[in-house]
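The structure appears below as structure tokens.
What follows is calculated from the coordinates using simple rules that are stated; it is not laboratory data. All figures in this text were calculated on a predicted structure; none of them were measured in a lab. FYI the Cβ positions are ideal-geometry reconstructions off the backbone, even for glycines, and counts take in every protein chain you see.
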Amino acid sequence: MSNQIEGNKEYSEQLSVVLPTYNERDNILPILRKILSLGGDFDLEILVIDDNSTDGTPELVKEISMNERRIRLIRRLGRSGLASAIKEGILDSSSNLIAIMDSDGQHEPIAILNAVRKLTDEGLDLVSGSRFLGNSEIYGLSQARTDGSSIANNFARFSLPKAHGHLTDYMSGFLVMNLNSCMPFIYKVDVNGFKFLYELLAVSKGKLKIKEIPLKFQPRNYGSSKLDLAIFWDFLISLLHTFSLRLIPRRAISFGLVGATGVLVQLISTHILMTSIRLDFVEALPISVVIAATSNYIINNALTFRAQRLKRWKLIRGLLKFLLVASLPVIANVGLATTFYSMIANNAIWAQLSGIFVVFIWNYAASSRFVWNTP
């Protein structure tokens with residue numbers, strides 16, 4: 001199949017289409033062809049924002065762009081994430097009319113025309129595509145994922161301003177927006193958030209005029225969904241971030257939740273060491289603290305600091321740095337818990353909780369800076 005795309009017709013109205021990609025080589029060419037063949041009064045600009053794909057996606061797009069001036073490739077190194085890619089594409093665009101869609105073939109490019117028409121005819125700030133309007137059609141989601149998306153939408157509706165209560169799909173990746181009115185809020189979008197639309201709705205606080213169009217959500221032609229545990233984790237953090245009025249940093253919320261799992265790991269480890277191996281509390285506690293710290297490190301590396309995730313030998317080196325950074329609070333944890341146990345209350349659980357509470361802030365601040373090199 002030829003990679004050439006024909007046609008450079010001039011139009012009066014500008015439209016930028018942002019396509020985030022990661023390993024979508026087999027899907028991207030048909031999508032580009034469909035977008036360029038839409039017609040209408042548009043001077044098209046297509047920005048492909050690629051997160052350093054390893055399957056040849058950026059090389060293919062670069063080859064196409066050499067013969068098609070309307071396509072631009074932005075290849076990102078050291079940066080990743082869907083919301084981050086979308087925000088970068090918007091900020092790099094040349095138009096005030098922006099369309100955003102997935103690059104896996106599940107969004108039909110023809111829907112862009114319907115969304116633009118609704119946006120301009122009704123004087124809206126943003127139009128999103130919904131999988132759950134009455135006349136929407138879903139072909140590309142299993143029943144389990146459809147049910148999961150419905151549950152997520154219900155939580156999202158509860159957490160967002162009432163002005164957005166009429167929407168049916170807060171997780172949508174299909175958007176058309178008027179950049180003139182949306183830009184002040186786009187600057188505020190947290191690129192570590194779960195979904196760009198959800199984050200935009202949260203920071204806009206009901207000030208944007210938004211409506212939806214129905215989507216015919218298609219199955220993927222090639223590849224597999226990017227949905228994984230980290231996506232669910234991001235959604236949970238986004239909800240808690242919104243409920244906290246966005247006062248507590250997302251990373252601190254994530255670090256705190258991971259720390260809560262570490263509490264359980266430490267309590268269970270201490271119990272096993274005291275009951276099965278017959279160690280006394282003073283002997284068991286240092287071991288269980290190190291086990292819990294290691295557990296926290298592994299989970300934080302996979303979830304909280306996913307964008308800076310350490311691998312292979314860097315993962316081992318990072319663990320040693322993490323334990324070194326945590327050594328002072330670990331000593332404080334053990335010392336305070338032991339003192340509490342021997343002098344205040346002969347209760348292993350409350351003794352450990354007193355020590356854990358003291359060290360959380362130090363671990364968060366110090367490990368962020370010295371282990372994962374983030375401010």
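What to note about this one:
- Pairwise FRET efficiency - ASP280 versus TRP313, Cβ, R0 = 30 Å, nearest 0.05: 0.20
- Mean-position separation - Cα centroids, the range 80-140 and the range 14-51, in angstrom: 12
- The packing ranking, built from the mean of other Cβ atoms within 10 Å per residue, places the peptides 160-172, 239-251 in the order 160-172, 239-251, highest first.
- Amide H partners (placed H, <5 Å) of LEU97, local residues excluded: SER16, LEU179
- Computed FRET value (nearest 0.05) for LEU240 with GLU13, which takes r as the C-beta separation and R₀ as 30 Å: 0.15
- Under a model in which nothing but the beta-carbon of Lys, Arg (+1) and Asp, Glu (-1) is charged, the range 147-248 shows a dipole of about 360 debye around its Cα centre.
- Shape of the range 110-264, Cα gyration tensor, a/c cut at 1.5: oblate
- Relative protection proxy for 96-107, 55-66, 272-283, from highest mean packing down: 96-107, 55-66, 272-283 (other beta-carbon atoms within 10 angstrom).
- Cα-based shape type of the range 13-223, given that a ≥ b ≥ c are square roots of the gyration tensor eigenvalues and the cut on a/c is 1.5: rounded
- Check: the range 62-143 dipole with +1 on Lys, Arg Cβ and -1 on Asp, Glu Cβ, in debye: 380
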